1. Could you give each residue of the stretch 27-36 its phi-based ³J(HN,Hα) in whole Hz, using Karplus coefficients 6.51, -1.76, 1.60 with θ = phi - 60°, and x for Gly or Pro?
2. Take the Cα gyration tensor of the chain, multiply each eigenvalue by 5, square-root it, and list the three semi-axes largest first, rounded to whole angstrom.
3. Please compute the contact order of the chain in relative form: average sequence separation of alpha-carbon pairs under 8 Å and at least six residues apart, divided by the residue count, as a percent.
4. Once you have a ≥ b ≥ c as the square roots of the Cα gyration tensor eigenvalues for the stretch 34-144, tell me rounded if a/c is under 1.5, and otherwise prolate or oblate according to whether a/b is larger than b/c.
5. Rank-order 136-145, 82-91 by packing density, defined as the average count of other C-beta atoms within 10 Å over each peptide's residues, highest first.
6. Which one, 52, 69, 193, projects farthest toward the positive side of the charge dipole computed for the chain from Cβ point charges (K/R +1, D/E -1)?
Amino acid sequence: MTTESARARRGRLDQEAVLQAAEALVDRDGYDALTMTSLAAELDARVSSLYNHVANLEELRALIQVRAMRMLGDHVRRAAMGHAGADGLRALSHELRAFAQAHPQRYAALTRPPIDREAFYSAAIDAIEALAVMVRSAGLPEDRLLMTGTAVFAALHGFVSLEVAGYFGDFDGVDGQPALDLNEIFELVIRGAVTAAVLEATH
């Protein structure tokens, strides 16, 4: 890149451009690889110029978490439309898995302890409410929504996080056994989570 084009690119920097570059870096190298130095190299900019758009690395990582959570919330909200009860929980489950498969590093980032808790939970409203609507429509009383919804997410996250980390690949064809059917396994996980939510509603 010439000096002139690099200077022009630095001149076009704004917070959105910085965050998009940070997300591209996270997607490629992982959340833990995100530093101000690596981001400056990604943008062909000086580290000092990044501080015009984000206060520090902690704020940058917090914003990545918030944006990933907002994106997931938008996905599950749209997936939930037109569904209810067990059918809705299945739709949300598949959307969660699809998001994690498409954005494994951002999914890993949003499931870390939130840096900016207030902003993160504000961004999570769509996802939380979509899950609550499905659990509520299964007949669960309001005072059990949080506990049951959290349990459902924990079950789904257990499978999804193992899958995107490549854990199940180590078992394919071991000792002459057939390769794992991950879709079938996920259906079993969903069935267990949905059954638990429905049973909770009946008691």
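Each reported figure results from applying straightforward, stated rules to the coordinates on display, with no laboratory input. Since we're looking at a predicted model, the values are computed, not measured. Virtual Cβ from ideal backbone geometry, glycine too; neighbours counted across all protein chains shown.
1. 3J(HN,Hα) across the stretch 27-36, in whole Hz: 4, 7, 10, x, 4, 6, 7, 6, 9, 5.
2. Details: eigenvalues 280, 97, 31 Å².
Over the Cα atoms of the chain, the ellipsoid semi-axes are 37, 22, 13 Å.
3. Details: 198 pairs, mean separation 41.1, N = 203.
That works out to 20 percent.
4. Details: a/c = 3.67, a/b = 2.38, b/c = 1.54.
Judged from the Cα gyration tensor, the stretch 34-144 comes out prolate (a/c at least 1.5, a/b above b/c).
5. Working: 136-145: 15.0, 82-91: 17.7.
So the peptides 136-145, 82-91, ranked by packing, come out 82-91, 136-145.
6. Farthest along the dipole direction, towards plus: 52.
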